Amino acid sequence: MPAYHSAFNEVSDLRSVGGMGLLPIKTRIRGPAPIADPNDEDIIDEALNLFRANVLFRNFEIKGDADRVLIYLILFITECLGKLARSPSLREAEKILGTLALSNFAIPGDATFPLNALYPAPSNKMDADLLRQYLSQLRQEMAVRLPNRIYENDKPGKWWMCFQKRKFMNKSL
């Protein structure tokens, strides 16, 4: 079974910075991303929907700039889930993820960015600033939407439990 790729790879008129396409997102958070149609799926929805299927793949063929955004968001979701390992309440989770989204983070080209081999560095300081703003906007929007996917009635739901079972199974190997 192959990994799923982003449907946004098909969009040809997107600006690319640091190997990532500036994709439209449904958000109220200010940033450089274009505003998406509220009725259409955006890259945040796509990352949440494909997370469980794609997180198991070690090798992922990058077919476009949208795939790099998808990979980045999947890594961020993984980081978020790690921060929520103690299963806090919905309100606590929102605070934890909000803080994580705003924390200092590396971008392609930084020495501490984990995937520098897959992402080209921004070509200049202006592009680096634009990429940092874009990634910050994506992180903040993901931090807003992820708790609603994880929690049902202020308790972790099926989505979270599936992740916890997989995590438990991996620990027992």
Q: Eight or more residues apart or on different chains, and alpha-carbon atoms under 20 Å: count the Lys pairs in the chain matching that.
A: 11
Q: Find, among the trypsin sites (Lys or Arg not before Pro) in region 1-67, those assigned to loop by DSSP (not H, G, I, E, B) with at most 10 other beta-carbon atoms within 10 angstrom.
A: R28, R30, R58
Q) Would you list R86, R132 from the most to the least accessible area, probe 1.4 Å? A) R86, R132
Q | From the C-alpha gyration tensor of the chain, square roots of 5λ in Å | A | 26, 19, 16
Q: Just read off the accessible area of T27 with the full protein assembly in place, 1.4 Å probe, to the nearest 10 Å².
A: 20
Q: Filter the GluC sites (Glu not before Pro) in region 44-123 down to the DSSP loop ones having no more than 15 other Cβ atoms within 10 Å, then list what survives.
A: E61
Q. Where in the chain are the helices, taken as whole DSSP H runs, whose Cα atoms extend 24 angstrom or more along the long axis and whose Kyte-Doolittle mean reaches at least -0.5?
A. 65-83
Q) In the Gaussian network model of the chain, springs joining C-alpha atoms below 10 Å, which of K83, K125, K95 carries the largest mean-square fluctuation? A) K125
Q: Starting at the first residue of region 55-64, write each ³J(HN,Hα) from the Karplus equation 6.51 cos²θ - 1.76 cosθ + 1.60 with θ = phi - 60°, in whole Hz, x for Gly and Pro.
A: 5, 7, 7, 7, 10, 9, 6, 7, 9, x
Q: Sort region 51-114 into rounded, prolate or oblate with this rule: let a ≥ b ≥ c be the square roots of the eigenvalues of the Cα gyration tensor; rounded if a/c is under 1.5, and if a/c is not under 1.5, prolate when a/b is larger than b/c, oblate otherwise.
A: oblate
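The values are calculated or read from the model by the stated rules, or taken from the named source; none is laboratory data. None of the values given here were measured: they were computed from a predicted structure. Don't worry about glycine lacking a Cβ; one is built from the backbone with ideal geometry, like all the others, and counts go over all protein chains shown. Just the protein is used for accessible areas: all its heavy atoms, side chains included, with ligands, DNA and RNA removed. Shrake-Rupley method; radii C 1.70, N 1.55, O 1.52, S 1.80 Å.
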